[in-house]
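Engineer: Dumping the structure here so I can ask a few things about it.
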Amino acid sequence: MTSESASTPGIDGDYEALISTTDVELLKRAWRNEKAAPEILRFESALIQRIRGQIQLMEETVEEFSGSSIDPLSVSLYQMDLDRTQYLLRSYLRIRLQKIEKYTFHISNNSEVQSRLSGQEKGFARRCNEDLERHLEESVLSKLPDNYRDILKQSIISEENDMVPEPHLDTFVVCKSRRFLGPFQLDGSDELLEMKPDDLCIIHYKSIRERVQEGEIDLV
């Protein structure tokens, strides 16, 4: 692909620099982490903004090449890059929306989780919450005794929101460290864990949660 690109006339230097960046790899990593994590992670705002700009440039480049005398094989390769990037972006966003739908009440009652969402996702979460509340009220709660009409609690005597689905943070995940991590203590245990770069490990998500959020550990 490199030699083909080098021999193709009229290729924009900016586009060559663009496809040599690591943003697509960063998006792939964010997609894998989001897919494997039981909770919604922080929205990769800066990365997604750059990716959208790159997709626009790639679309313009493919359109320009398609209407010229550029080798069709080269155009096909650029189109494959574009399709791959679009798939990763759409899948990343779709996974996050599915989590918002699944945990809408949990998110609406947790300001820290809300801070992980993009502006559009916050609007989507708010609409999901309102629609689900309305549906439950009309189809179920209105037919129950007054003591059991709370959406978040089993009854008025409940002290906690025991009807709110939450992510299962004790789920086992497969992960690998991006760098050497010295011995650190696992949650709820006296056991210490040491991780070397690229070593695979199966562990409770909650034990590495903060390190995933900080970008030190990737989920697989």
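Engineer: For region 35-79, what is the charge dipole size about the Cα centre, in debye to the nearest 20, if Lys and Arg each add +1 at the Cβ and Asp and Glu each add -1 at the Cβ?
Structural biologist: That gives a dipole near 320 debye.
Engineer: If you don't mind, another one. Quick one: of Lys176/Lys196; Lys28/Lys99; Lys99/Lys176; Lys35/Lys102; Lys122/Lys176; Lys99/Lys122, which pairs are farther than 20 Å apart, Cα to Cα?
Structural biologist: Pairs exceeding 20 Å: Lys99/Lys176; Lys122/Lys176.
Engineer: Suppose every K and R has +1 on its Cβ and every D and E has -1 on its Cβ; what is the size of the dipole of region 61-220 about the Cα centre, in Debye to the nearest 20?
Structural biologist: Using only the charged Cβ atoms, the result is roughly 260 debye.
Engineer: Okay, moving on. Would you please classify the overall shape of region 31-150 from the alpha carbon gyration tensor, given that a ≥ b ≥ c denote the square roots of the eigenvalues, rounded means a/c under 1.5, and beyond that prolate means a/b larger than b/c while oblate covers the rest?
Structural biologist: Prolate, since a/c reaches 1.5 and a/b exceeds b/c.
Computed from the coordinates by the stated procedures, all read-outs in this text should not be read as laboratory data. Since this is a predicted model, take the numbers as computed values, not measurements. With ideal geometry, Cβ positions are generated from the backbone for all residues, glycine too; neighbour counts draw on all protein chains shown.
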